[in-house]
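Everything on this sheet refers to the single structure shown next.
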Number of protein chains: 2
Amino acid sequence: MARPPRFDTEQLLDAAVRLAASGGPASVTMSAVAQAVGAPSGSVYHRFSGRPALLAEVWLRTVERFQESYTAVLRSHDDPPLAARAASRHVIAWSRHHPEEAALLLYGAADFDRAHWSPEHTARADAGNRRTFTAVHDLGEALGANGEQARERITLALIDLPLSIVRRHLRAGAELPPHAEDLAEQCTAALLPPGTAPATPATGKPPARDSGPEEQHRGDRDPV
Amino acid sequence: MARPPRFDTEQLLDAAVRLAASGGPASVTMSAVAQAVGAPSGSVYHRFSGRPALLAEVWLRTVERFQESYTAVLRSHDDPPLAARAASRHVIAWSRHHPEEAALLLYGAADFDRAHWSPEHTARADAGNRRTFTAVHDLGEALGANGEQARERITLALIDLPLSIVRRHLRAGAELPPHAEDLAEQCTAALLPPGTAPATPATGKPPARDSGPEEQHRGDRDPV
DNA sequence: ACGGTATTGGAGACATGCCTCTAATAAATT
DNA sequence: AATTTATTAGAGGCATGTCTCCAATACCGT
């Protein structure tokens, strides 16, 4: 029905990821992406309505790819402490396997011009964040984390801490060392609520306790 | 002997900090800084040889201010675990007191165009980083951290973890809550090497043990 | 009062990036 | 083969930013 595309969306996004990873979000310009794939700028505008749309798609594709695998790991173990450790390791392993996309995760949606996104893109980001926060908080509850501060600690242990390890190495321009998974897992384990089983054998988790009227988390903050 | 300056260096850097905090390093342009203080662009170029110099100065002034107070805290306690906890709290308190400068710390030198800095600026950055790493690693040794992985864990506990708390709140556009210091201190304490005193009373630290031929840390990575 | 000098004030050349618009192109459908 | 249609191809207007340059300025020490 029509001429076949020479430059498809994925190809352009791949180039955008490379640019963002090496030079930060500011360096992913419409012309830079076009030049990176050898296309005229018009072809880029044919796929994306403008720079905010391109930035939104790069960010969302990357974050959603990460979040999907991450939340899957979060839910893949029956034993909560085990799930927590596995999640921590997963952040490292995923980043090692996708160093350029991991470099993107170290920024925030704001750096990708979230202020100018379309309502659809914003909603997509919020939905993904909400799902991820829900998965994290569910595991937190299973771990016995109650209250605002305990939840913050869980987020720290499951997301921020492993990401910090990634950040330190990627910022230095280095690859993630082999022991990074162990380090992340140990640190995450150390941050789990006291009384949590320190090793493999599962302790009976405390009876599910109604947590009362607690405020809902906001979906518009990036977990990563 | 000469006409008095209407726009001095500090004033321009202050404006640059505000711009960087609100819109990221990319938004601190020569013209934006000039406009922010009501100066013609020529006056900005009178103080800074170009954009890389301006970015370097903003970054270095901010990081050096932080590092100075931070290393002071690191060395201010005789009891190593106490010093570690105090350092963690200090990161939070400093960030709460200087939210705009703290927002800068969440970026890296690379985001402030380190690639185009003068050798002098680069050397200044390296020197500050080296001093900070030294202070952190000294405390790490006093805490019994030996080996590469143990040192990484110390850096994580003393720097990355409290900074993660700051990042999460500032990225969300919120102020640091009152309990942030407690959270940071508790998490830092949980990450200290096992056997470290969990509470106030100081345990006798293990006899200083020669750590053998270990590689020196590199001063060109940002601790923050 | 006067000259020296750091600084302001601002015009403008040059580069880059965003985005629009129009024409050419090439495959799929009929 | 003719038609349709998504796409390429690229010129060009507009805005913004970097940096240079030069004259005007206002204070200082003498």
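The values are calculated or read from the model by the stated rules, or taken from the named source; none is laboratory data. Computed from a prediction, not measured in an experiment: that's the story for all the values here. Every residue, glycine among them, receives a Cβ derived from its backbone with ideal geometry; neighbour counts consider all protein chains shown. The accessibility values were calculated without ligands, DNA or RNA, using every heavy atom of the protein model including side chains. Shrake-Rupley method; radii C 1.70, N 1.55, O 1.52, S 1.80 Å.
Note that region B:133-138 has calculated 3J(HN,Hα) couplings of 4, 4, 4, 5, 6, 4 Hz, one per residue in order, obtained from phi through the Karplus relation 6.51 cos²θ - 1.76 cosθ + 1.60 (θ = phi - 60°); glycine and proline are x.
Placing R0 at 25 angstrom, the Cβ-Cβ distance between A:Ser31 and B:Ala172 gives a FRET efficiency of 0.15 after rounding to 0.05. Diagonalising the gyration tensor over the Cα atoms of chain A and scaling each eigenvalue by 5 before taking the square root yields semi-axes of 37, 20, 14 Å, largest first.
Taken about its Cα centre, the protein assembly as shown carries a charge dipole of about 760 debye when Lys and Arg each add +1 at the Cβ and Asp and Glu each add -1 at the Cβ. At full extension, B:Ser118 and B:His46 could sit 24.2 nm farther apart than now, given 0.36 nm per residue minus the alpha carbon distance.
Using just its DSSP H runs of length 4 or more, each adding -39500 (n - 2.57), the protein assembly as shown gives a mean residue ellipticity at 222 nm of -19000 deg cm²/dmol after division by all residues. Compute the acute angle (0 to 90°) between the alpha-carbon long axis of helix B:51-74 and the principal axis of greatest extent of the alpha-carbon atoms of chain B; round to the nearest 10°. Tilt relative to chain B: about 30 degrees.
Chains A and B together bury roughly 2800 Å² of accessible surface, counting both sides and using a 1.4 Å probe on protein heavy atoms. Once you sort the root eigenvalues of the Cα gyration tensor of the protein assembly as shown as a ≥ b ≥ c, which label holds: rounded (a/c under 1.5), prolate (a/b larger than b/c) or oblate (the other case)? Oblate, since a/c reaches 1.5 and b/c is not below a/b. If you line up the long axis of helix A:161-171 against the longest principal axis of chain A, both from Cα atoms, how many degrees apart are they, to the nearest 10? For A:161-171 against chain A, the angle is about 40 degrees. What separates the A:Arg51 label point from its copies, with the point 7 Å along Cα to Cβ, is 1.1 nm, written shortest first. Neighbours of B:Ala86, meaning other residues whose beta-carbon lies under 12 angstrom from its beta-carbon, give a summed charge of -1 when Lys and Arg score +1 and Asp and Glu score -1.
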